[in-house]
Structures are given as structure tokens and as C-alpha cells.
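J.: Would you mind keeping the following structure in view while I ask a few things?
What follows draws every value from the coordinates through simple rules; no lab data is involved. Just so you know, these numbers come straight off a predicted model, no measurement behind them. Here the Cβ positions follow ideal geometry from the backbone for every residue, glycine too, while neighbour counts run over all protein chains shown.
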Amino acid sequence: MINLIPHGNALKHLSDLDRFWTRVDRTGGPDACWPWIAGRFANGYGSFRVTGRNARSHRWLLGHLRGEPLGADELGCHRCDNPPCCNPSHLFIGSHGDNTRDMAAKGRHASQQKTHCPQGHEYTAENTYTHEGQRKCRQCVLKRMRILGAIPPGERTHCPSGHAYDEANTYVGKNDTRHCRACGAASARRRRAQRRSEAA
């Protein structure tokens with residue numbers, strides 16, 4: 001039977017942790033997911049009102065059990081991939097990198113769902129290899145190697161992705177190295193999208 005949530009004066013004498021557990025269904029047993037049964041955020045995570053603000057229930061629990069709140073660079077991650085779950089054995093504190101590797105290991109990372117590289121080449125077994133946990137397109141890599149190997153760096157008119165090294169699209173970084181603004185902007189967008197995905 002799902003735990004009933006007390007209201008009004010019944011809550012005033014409870015500690016934050018006791019009040020927290022009144023909003024969690026733990027009837028499935030120690031190995032099951034313990035879903036948050038009160039209000040939730042739009043992305044499915046539990047919403048726990050504490051110290052005047054709404055916190056994600058699993059983040060608050062991890063911080064409480066550790067003895068200090070999670071930092072801005074720390075994530076409350078689910079081993080079970082079930083956002084409302086509040087079973088401590090299903091949770092762990094990790095970085096954005098930890099969360100990305102966890103998603104990749106489970107095949108849930110957005111890039112792993114793509115069937116073609118950004119240039120349109122299919123990710124077949126023959127055309128794909130993995131480098132530092134990321135899939136790489138052999139055709140694109142070979143093309144970049146041919147471009148970079150045939151033309152000295154200072155004489156190249158385009159970046160490896162094909163963007164022109166014109167005045168508007170070029171800046172000079174460390175060691176007087178030219179950089180492509182279009183590629184830099186695309187990389188920044190991917191990082192922002194990844195952070196939003198990891199924080200969701």
C-alpha cells in the first residue's frame with residue numbers, strides 16, 4: 001500500500017527527512033525503485049519543498065545523506081534511469097562527465113542514437129571506430145587527413161570541416177594558431193545541449 005501523505009499540523013513535528021519519506025513509496029522492497037509520490041517537476045523528478053525552495057527530491061536526499069548539499073558542479077545520478085526514484089541504492093553523486101559516461105555505457109547518449117555523421121556518412125561497422133569513448137567517421141577522418149597533409153597550415157583556406165578562413169570566420173589563438181569561429185560556435189552549442197541533457 002502506498003504511503004499516505006500527512007498534511008497540515010501533522011507535518012509540523014516531523015524532521016525534514018521524516019517529511020521526505022512520507023512522500024516516497026517504499027513498498028516495493030529494498031531493491032525496487034522508490035518513486036516520489038508527491039509533486040514533480042515537468043521532467044519527472046520529485047519536487048521537495050525545503051528551506052523555502054523546491055529542490056529535486058533525489059538531489060536533496062543525496063546531499064542530506066552526505067551531510068552537505070550537492071554543489072553546482074555535482075549531479076544526482078540514477079543507476080535505474082528512473083527520474084522519480086528516491087532509493088539511495090539507485091543513486092550516486094557524479095560529475096557531468098560521470099553522467100555522460102553512464103549514459104554512454106547504457107546506450108542512452110544522444111549521439112549514440114544517430115545513424116549518420118554530421119557530413120551524412122552512415123555509421124556502419126566498416127566506417128566507424130571509437131576514440132576516447134566517442135564514435136568517429138572514418139571517411140571524415142581520412143578526408144581531414146588528406147586536406148591537412150597536403151597543404152601547409154599557414155596556406156589552408158578552409159578549416160577541416162570546410163568553413164572558409166575568411167576575416168569574419170577566423171580568429172587567432174595561442175601560438176598564433178588560426179581557429180574557425182563556425183566550428184567553435186558549433187562546439188559550444190553541443191556542449192550546452194549536452195549540459196542541458198545531463199541536467200534534465
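J.: Report the label-to-label distance for residue 31 and residue 14 in nanometres (one decimal), using points 7 Å from each Cα along the Cα→Cβ vector.
T.: Roughly 2.9 nm, to one decimal.
J.: Follow-up question, since we're still on this one. Using modelled amide H (1.01 Å from N, peptide plane; none on Pro or chain starts), what sits under 5 Å from the amide H of residue 170, excluding residues fewer than 5 places away?
T.: Placed amide hydrogens put 181 under 5 Å from residue 170.
J.: Amide H neighbours of residue 158 under 5 Å, at least 5 residues apart or on other chains, H built in the peptide plane: list them.
T.: 165
J.: Given H placed 1.01 Å from N in the peptide plane, which residues other than close sequence neighbours of residue 40 have an amide H under 5 Å from its amide H?
T.: Correct list: 47.
J.: For residue 136 and residue 175, calculate 0.36 nm times their separation in residues minus their Cα-Cα distance, and state this gained length in nm to one decimal.
T.: 11.3 nm
J.: Let me ask something else about it. For residue 136, go through the aspartates and glutamates and keep the ones whose alpha-carbon is under 18 Å away, minus same-chain ones fewer than eight residues off.
T.: Filter leaves 122, 126.
J.: Peptides 84-94, 26-36: what's the order by average Cβ count within 10 Å, highest mean first?
T.: 84-94, 26-36
J.: Given a Förster distance of 41 Å, report the FRET efficiency between residue 125 and residue 43 from their Cβ-Cβ distance, rounded to the nearest 0.05.
T.: Taking R0 as 41 Å, the efficiency between residue 125 and residue 43 is 0.75.
J.: Which distance in nm do the two modelled labels at residue 185 and residue 21 give, with both placed 7 Å along the Cα-to-Cβ direction?
T.: 5.4
J.: Sticking with this structure for a sec: Provide the net charge surrounding residue 161, with neighbours chosen by a C-beta distance below 11 Å and charges set as Lys +1, Arg +1, Asp -1, Glu -1.
T.: +2
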